[in-house]
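S.K.: I'd like to ask you about the structure that follows.
Values in this text are rule-based calculations from the coordinates and carry no lab data. Just so it is clear, the structure is predicted and the values come from calculations on it, not from any experiment. Glycine also receives a Cβ, built like all others from the backbone with ideal geometry; neighbour counts cover every protein chain displayed.
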Amino acid sequence: MAVRRRLDGELVRRGLAGSRSEAQRLIAEGRVLVSGARAAKPATMVDPT
């Protein structure tokens, strides 16, 4: 079973945001896509692959 992570945490882990609060802001601004769709919640669970 694959580990799933919160989207905001995964953005930080990959170096796409400097902090979780920055990641949350990017998500709120609609600047983050997951599988081609805008992410609506920082707590969205994603596969880290």
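S.K.: Consider only pairs whose beta carbons are under 7 Å apart and that are at least six residues apart or on different chains; among these, list those whose first residue lies in the stretch 25-36 and is exposed (fewer than 13 other Cβ atoms within 10 Å of the Cβ) and whose second residue is of a type outside the set (F, W, Y) and in a loop (DSSP other than H, G, I, E, B).
M.R.: L33/A39
S.K.: Hey, any hits in the stretch 4-22 for a residue that's out of contact with any Cys (no Cβ under 8 Å at 6 or more places or on another chain), part of a loop (DSSP other than H, G, I, E, B) and in contact (Cβ under 8 Å) with a residue 40 or more places away in the chain?
M.R.: Within the stretch 4-22, one or more residues are out of contact with any Cys (no Cβ under 8 Å at 6 or more places or on another chain), part of a loop (DSSP other than H, G, I, E, B) and in contact (Cβ under 8 Å) with a residue 40 or more places away in the chain.
S.K.: Okay, moving on. Which numbered condition in (1) exposed (fewer than 13 other Cβ atoms within 10 Å of the Cβ); (2) in contact with a Leu (Cβ under 6 Å, 6 or more places away or on another chain); (3) among the polar types (S, T, N, Q) is the only one that T44 fails?
M.R.: Checking T44 against (1) exposed (fewer than 13 other Cβ atoms within 10 Å of the Cβ); (2) in contact with a Leu (Cβ under 6 Å, 6 or more places away or on another chain); (3) among the polar types (S, T, N, Q), the one that fails is (1).
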